[in-house]
Amino acid sequence: MKPCDQPVRSILFVCTGNIFRSVVAEHATKLQQGSNHLYSVGSAGIEAKPQAIHPWIQHYLWKKGVDLSQHVQRKLTRELLEETDLVLAMSRDHQTFIRQEFGIGVPLFRQICAGRDEPILDLHEVHPNWEQDLSLARTYVSSVIDMIWDDVRLLLSKLPHIR
């Protein structure tokens with residue numbers, strides 16, 4: 001990661017599979033920064049096992065103007081970490097993994113965006129039997145997308161001041 005006295009120019013969002021939380025943050029940031037493209041934005045997963053983005057996520061983001069049809073999962077690597085100015089973990093598990101595997105401490109997404117020391121949990125962490133109540137699961141997924149979307153607005157307003 002970059003020296004602390006330089007402005008942020010690149011951002012990497014990290015989650016588990018690179019098919020939900022980090023992807024939402026990546027595309028929300030790309031879309032909300034507009035045509036300025038001041039920041040290079042990406043996402044990666046600590047596991048990134050081959051799996052498709054759930055249709056709920058695709059559809060909800062499509063309604064927000066995001067086309068995920070070209071998304072390719074990416075596994076987190078040392079190179080990605082080293083070439084990125086600001087790495088944001090979506091949960092504490094991701095923070096722990098990055099610290100243990102790469103010896104780098106990174107903040108939580110919500111810490112930087114909203115000043116809240118709280119992770120954004122995956123669906124199965126909140127609702128282990130989510131398949132039994134699809135309405136509840138869908139509500140949780142859309143609420144996470146909306147929260148990330150709103151938090152990205154805060155992030156973009158803070159980035160010029162983050163060193």
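Is it the case, given these coordinates, that VAL87 is in a loop (DSSP other than H, G, I, E, B), on the phi < 0 side of the Ramachandran plot and touching a strand residue (DSSP E or B) at 6+ places or on another chain (Cβ under 7 Å)? No.
Restricted to the stretch 80-124, and to residues there that are over 17 Å from VAL152 (Cα atoms), of a type in the set (S, T, N, Q) and crowded, with 16+ Cβ neighbours inside 10 Å, the residue that is farthest from the chain's Cα centre (by Cα) is THR84. When the stretch 114-146 is filtered for residues that are assigned to a loop (DSSP other than H, G, I, E, B), of a type outside the set (S, T, N, Q) and on the phi < 0 side of the Ramachandran plot, the ones remaining, listed by number, are ARG116, ASP117, GLU118, PRO119, ILE120, LEU121, ASP122, HIS127, PRO128, ASP133. Please indicate, with yes or no, whether at least one residue in the stretch 20-40 is acidic (Asp, Glu), within 13 Å of ILE145 (Cβ to Cβ) and without any contact (Cβ under 8 Å) to a residue 24 or more places away in the chain. Yes, the stretch 20-40 has at least one match. Taken together, the residues in the stretch 25-77 that are in a loop (DSSP other than H, G, I, E, B) and either touching a helix residue (DSSP H, G or I) at 6+ places or on another chain (Cβ under 6 Å) or surrounded by fewer than 20 Cβ atoms within 10 Å (Cβ to Cβ) (or both) amount to 25.
The number of residues in the stretch 125-152 being charged (D, E, K, R), more than 13 Å from PHE109 (Cβ to Cβ) and under 16 Å from the mean Cα position of the chain (by Cα) comes to 1. Being in contact with a His (Cβ under 9 Å, 6 or more places away or on another chain), under 21 Å from LEU31 (Cα atoms) and modelled with pLDDT under 95 is a condition met by at least one residue of the stretch 70-86. For the stretch 125-140, taking the residues that are surrounded by fewer than 19 Cβ atoms within 10 Å (Cβ to Cβ) and among the hydrophobic types (A, V, I, L, M, F, W, C), the one that is nearest to ALA89 (Cα to Cα) is identified as VAL126. Within this structure, ALA44 fails the test of being in contact with a Phe, Trp or Tyr (Cβ under 7 Å, 6 or more places away or on another chain), at pLDDT 95 or above and either within 17 Å of VAL106 (Cα to Cα) or not hydroxyl-bearing (Ser, Thr, Tyr) (or both). Quick one: would you say ASP150 is outside any loop (DSSP other than H, G, I, E, B) and of a type in the set (D, E, K, R)? So ASP150 fits the description; yes.
The values are calculated or read from the model by the stated rules, or taken from the named source; none is laboratory data. Bear in mind that the values here come from a model prediction, so they are computed numbers and not experimental data. As a convention, Cβ positions derive from the backbone with ideal geometry for all residues, glycine included, and neighbour counts pool all protein chains shown.
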